[in-house]
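The values are calculated or read from the model by the stated rules, or taken from the named source; none is laboratory data. For clarity, every value in this text was computed on a predicted model and none was experimentally measured. A quick note on method: Cβ atoms are made from the backbone with ideal geometry, for glycine too, and the neighbour counts reach across all protein chains shown. For accessibility, only protein heavy atoms count, side chains too; no ligands or nucleic acids. Shrake-Rupley method; radii C 1.70, N 1.55, O 1.52, S 1.80 Å.
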Amino acid sequence: MKALVAVKQVIDAYAKIRVKSDHSGVETDNIKMAINPFDEIAIEEAVRQKEKGIIQEIIAVSIGKAGSQDVLRTALALGADRAILVEAEQRFEPINIAKILKVIVEREEPKIVLLGKQSIDGDNNQTGQMLAALLGWSQGTFVSALEILSDKAKVTREIDGGLETLFVKLPTVITTDLRLNQPRYATLPNIMKAKQKSLSVVPLTELALSLQQHIKIEKVTPPSERQAGMTVNSVAELVQKLKEEGVI
Amino acid sequence: MQLVIAEHDNKTLKPATLHIVSAARELGNDIHILVAGSECHAVAEQAAKIQGISKVIYVDAPAYKHALAENLAALIHSFAASYTHLLAPANTFGKNIMPRVAALLDVAQLSDVLEIISVDTFVRPLYAGNALATIQSTDSIKVITVRSTAFKIAETGEKVAAIEKIDKNFDLQLSEFVAQEFSVSKRPDLTVARRVISGGRALQSAENFKLLEPLADCLGAAIGASRAAVDAGYVPNDYQVGQTGKIVAPELYIAIGISGAIQHIAGMKASKVIVAINKDPDAPIFKIANYGLVGDLFKIIPELTEELKKVI
Ligand SMILES: Cc1cc2nc3c(=O)[nH]c(=O)nc-3n(C[C@H](O)[C@H](O)[C@H](O)COP(=O)(O)OP(=O)(O)OC[C@H]3O[C@@H](n4cnc5c(N)ncnc54)[C@H](O)[C@@H]3O)c2cc1C
Ligand SMILES: Nc1ncnc2c1ncn2[C@@H]1O[C@H](COP(=O)(O)O)[C@@H](O)[C@H]1O
């Protein structure tokens, strides 16, 4: 069985986010970029399923600028077999990312597509669900355990009340939650080997899609900062303050 | 006209839905609510009592019993053409379904809306709330998930809306419910609690995490946790507060043994009063806390519990 994994390049989870002074977006110059943490989990899951003999081939796909080759190389070093970059200058909304991914899915015909549950820049949490809808496939979102059976998969989902288990019919779209697995580190030999693996670059124009913009960003502003308060010296003082605030 | 998607368990309406109705009211006056489930007439009756609702659309079939995304999205899609806005809470219920609805409609979806500027312009967070985007949607149908803590709860009272029962059976059979494992708790729900006590990695074990219980009991508080505490297995996943967990905004949030990573702060910084208890005076959590107490939590928790018992 073939698996497709969508990986996105984002600002590193631990980098400081600064809003640009002209309010057009956030600073990206000289900022550390990384693979979206949820997508790393998606790759790791595909690799583990391959190690179990359930998946035979893992294809990593990214949509973005030439620089996104870095995250694809990371995916290859972690165990993906080959990679595809759909190269485009602009950034797309999830509905358009889903449309692009759909074309790649139709070309590659995987039985399972793995995505992160959300990208940590846009915090959208949409692309996987949209892709499943466009393909008419089942979806297993926010997944913390995955067992692939012959014609279906058993998924455990992290939901607000606790956990939910579903069977989803194959082919399916899975989005990963943080506790699905703990991704491995890419070893030096694997990083070297990744350089030999195939990474094909497809210009977006080649896909002949007509993509429409649905959302205009008017401005991006920093949130209002909370002021640091005071240090209290004892439990008694703390309780006194909470009484004064009227919260106890 | 707005359609609010009700979240419920076939018996009771979830409080998040009431917050979403308040958001819908900012967009206009003719608000319908969709109650889709199985043997859930009681929920339709509850929905009919939400002030500001003009009609309850009630669809009852086994296919909707477990809110499976494929069936529910197809159903919502079939009603969508009559509405300008489709709204659901930005929790695991809404996030599972609404993007699927949007894709079926070939429109964008707006996640986690915090503020409504006008019928087509909204504010939503990016980068774990480190930036706020004001965005305008050009779609004729706007599919939105709303951050419930950012909108007040709608009142309920006398029955105000008619219930229209409609038969539609979208049983796509793409997925099948197997089981649900709820973490049972007698405490208030984290996302609506007025007080929240959260513990972090510093609690060291599931056993120690129980130290928070007497404290929560005397405050009538919900218990939350950092991701580190959940990953280490001290508490179940649904305790996680943060960018990728639950968003809370109680009157009082007490963070105990939590360092204050941006991903955690993203989930609790809208709380009215934040208290941090941490042994490291340089922990980032102190930068956003109204009251900080530096010290060993194992000493402070019992002391605080005793002290609170005296005054509450
Ligand atoms: C993609 C992504 C998403 C994430 N999403 C979330 C999320 O939703 N929610 C979330 O919480 N995190 C999230 N994280 C993780 C986050 O970055 C932090 O790693 C996590 O919040 C740290 O948890 P902590 O504060 O409990 O642990 P630590 O950072 O280890 O802090 C423990 C604190 O306890 C203090 N301490 C130790 N012993 C004592 C004692 N005896 N008495 C008092 N204080 C003591 C220490 O000084 C320290 O400050 C995410 C990370 C990533 C990459
Ligand atoms: N530009 C992109 N390239 C590849 N995958 C993407 C891209 N954008 C989003 N995704 C995938 O979709 C998931 C959810 O993203 P989002 O809906 O933006 O929160 C991510 O974790 C990725 O797996």
*Under a 10 Å cutoff between Cα atoms, tell me which one of A:133, A:77, A:208 has the largest fluctuation in the Gaussian network model of chain A.*
A:208
*Between B and A, accessible area buried - total, square angstrom, nearest 100, 1.4 angstrom probe*: 6900 Å²
*Using a simple charge model, +1 on the beta-carbon of Lys and Arg, -1 on the beta-carbon of Asp and Glu, nothing else, what dipole does segment B:107-203 show about its Cα centre, in debye to the nearest 20?*
600 debye
*Can you tell me the dipole magnitude for the protein assembly as shown around its Cα centre, using point charges on the Cβ only (Lys, Arg +1; Asp, Glu -1), in Debye to the nearest 20?*
520 debye
*Classify segment B:113-195: rounded, prolate or oblate, from the alpha-carbon gyration tensor (a ≥ b ≥ c, eigenvalue square roots; a/c under 1.5 rounded; otherwise prolate if a/b is larger than b/c)?*
rounded
*Would you please classify the overall shape of segment A:2-221 from the alpha carbon gyration tensor, given that a ≥ b ≥ c denote the square roots of the eigenvalues, rounded means a/c under 1.5, and beyond that prolate means a/b larger than b/c while oblate covers the rest?*
rounded
*How many percent of DSSP beta bridges within the protein assembly as shown run antiparallel, rounded to 5?*
35 percent
_Give me the percent relative contact order of chain B, please, defined on Cα pairs under 8 angstrom at least 6 residues apart._
14 percent
_Two-site label geometry, residue A:224 and residue B:287: point separation in nm, points 7 Å out along Cα→Cβ_ = 2.0 nm
*Under the Kirkwood approximation for Rh and a Cα-based Rg, what ratio Rg/Rh is obtained for segment B:2-165?*
0.94
_segment A:1-137: relative contact order as a whole-number percent, Cα under 8 Å and 6+ apart_ = 32 percent
*If you average the sequence gap of Cα pairs under 8 Å that are 6 or more apart and divide by the length of chain A, what percent do you get for the contact order?*
23 percent
*Please calculate how many Å² of accessible area chain B carries per residue, with a 1.4 Å probe and no DNA, RNA or ligand atoms counted.*
38 Å²
*What residue among B:118, B:38, B:198 has the largest mean-square fluctuation in a Gaussian network model of chain B, using Cα springs under 10 Å?*
B:118
_Three-way shape label, the protein assembly as shown, alpha-carbon gyration tensor, a/c 1.5_ = oblate
*May I ask for the Kirkwood hydrodynamic radius of chain B, worked out over all distinct Cα pairs and given in angstroms to one decimal?*
20.6 Å
*Any idea which of B:145, B:276, B:38 is furthest toward the positive side of the dipole for chain B, if Lys and Arg beta-carbons carry +1 and Asp and Glu beta-carbons -1?*
B:276
*Please report, in debye to the nearest 20, how large the charge dipole of segment A:2-221 is about its Cα centre when each Lys and Arg carries +1 at its beta carbon and each Asp and Glu carries -1 there.*
360 debye
*Average the reciprocal distances over every distinct pair of alpha-carbons in segment A:1-45, invert the result, and give the Kirkwood radius in Å.*
12.3 Å
*Answer with one residue from B:256, B:23, B:178: the one whose Cα lies farthest towards the positive end of the charge dipole of chain B, charges on Cβ with Lys, Arg +1 and Asp, Glu -1.*
B:256
*Taking 7 Å along the Cα-to-C-beta vector as the label spot, tell me the residue A:184-residue B:30 distance in nanometres, rounded to one decimal.*
6.0 nm
*Roughly what % of DSSP beta bridges within chain B run antiparallel, to the nearest 5?*
20 percent
